[in-house]
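The values are calculated or read from the model by the stated rules, or taken from the named source; none is laboratory data. Treat the numbers as computed from the prediction; the structure is a model and nothing was measured. Ideal geometry is used to build each Cβ from the backbone, glycine not excepted, and the neighbour counts take in all protein chains shown.
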Amino acid sequence: MLELRVKDVMVELDKHIIIDSVSARFTEGTVNSVIGVNGAGKTVFVKAIANLLPHQGSISIIDRGRELDRKKIAYVPQMTAINSELTVFEMILLGKVLHLTWRVEKELLREVELLLNRMKLSQLSNKRFSTLSGGQKQMVIMAQSIIAKPKVLLLDEPTSALDLKHQIELLDMSKEYAEENQAICLVIMHDLSLVSRYSDTVVVLHKGTLFKHDLPKHVMEQNLLEQVYGVEVEVTETKKGFKAITPLNVSIR
């Protein structure tokens, strides 16, 4: 079984400890949300896993007792600064090859087409990436990461620039990808109702430390959320059994 193992990870930036001794394990086929207030260390934690920040402690991907290269990790940032003149089709194709050449195998072109259809991006195929909206760019970068078939997919607030429909589509795709490819997905999210709906486990970071890592039903509790966020909340249950969290805008600190 594939596992992502994080043990005693610490990240120090500008002589300040941002992440302090965080340990967690994640298993294949799961979507795992990372939550907490702004400044809790969520992005730093995920970037450390992606090997984009120096860190202490150990981070490893273990598959059937064998450690995999961390190149098997894909990181999708919250907002991309890329302003490429490549088309959407070419951008996604780049996720599969290191550079575009004059000849690309038909099977690879077909793979891109299928992913475009699945993510409902076909109508954007020939548009230049630079002309897209922020939300459209986010979906394309997501597709570019998925086509590379990473074992660990890290998403930093992927729904922040998306409308409700596209939030659902992107999170559906994340869950399907993890399940179909026996992969592990970590997602930073602020919408706790979506966290409840899509997560197999939830990591709660608080002041750079691991406050809790558990099933959504054990995290989406009024007392815990009020303690972490410092805001009174109402927790209700939807007809489909998901928990819906409503902030009541009353500070309890």
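Per-structure values
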quantity	calculated
Residue, nearest to the chain's Cα centre (by Cα), within the stretch 41-70, restricted to residues that are small (Gly, Ala, Ser) and exposed (fewer than 15 other Cβ atoms within 10 Å of the Cβ)	60
Pairs with Cβ under 9 Å, 6+ apart, first in the stretch 49-67 and more than 16 Å from residue 20 (Cα to Cα), second outside any strand (DSSP E or B) and hydrophobic (A, V, I, L, M, F, W, C)	52/46; 62/1; 63/1; 64/1
Filter result for residue 23 (surrounded by fewer than 22 Cβ atoms within 10 Å (Cβ to Cβ), closer than 26 Å to residue 229 by Cβ, touching a residue at least 60 places away in the same chain (Cβ under 8 Å) and small (Gly, Ala, Ser))	yes
Candidates 223, 249, filtered to the one that is at positive phi and free of Cβ contacts under 8 Å to residues at least 24 places away in the same chain	249
Subset of the stretch 212-253 (residues that are assigned to a helix (DSSP H, G or I), crowded, with 17+ Cβ neighbours inside 10 Å and among the charged types (D, E, K, R))	226
Residue pairs meeting the criteria (Cβ under 6 Å; at least 6 apart or on separate chains; first within 19 Å of residue 149 (Cβ to Cβ) and in a helix (DSSP H, G or I), in the stretch 99-122; second modelled with pLDDT of 95 or more and of a type in the set (S, T, N, Q))	116/122; 116/125
Counted residues, the stretch 205-251 - those being within 16 Å of residue 191 (Cβ to Cβ) and among the acidic types (Asp, Glu)	1
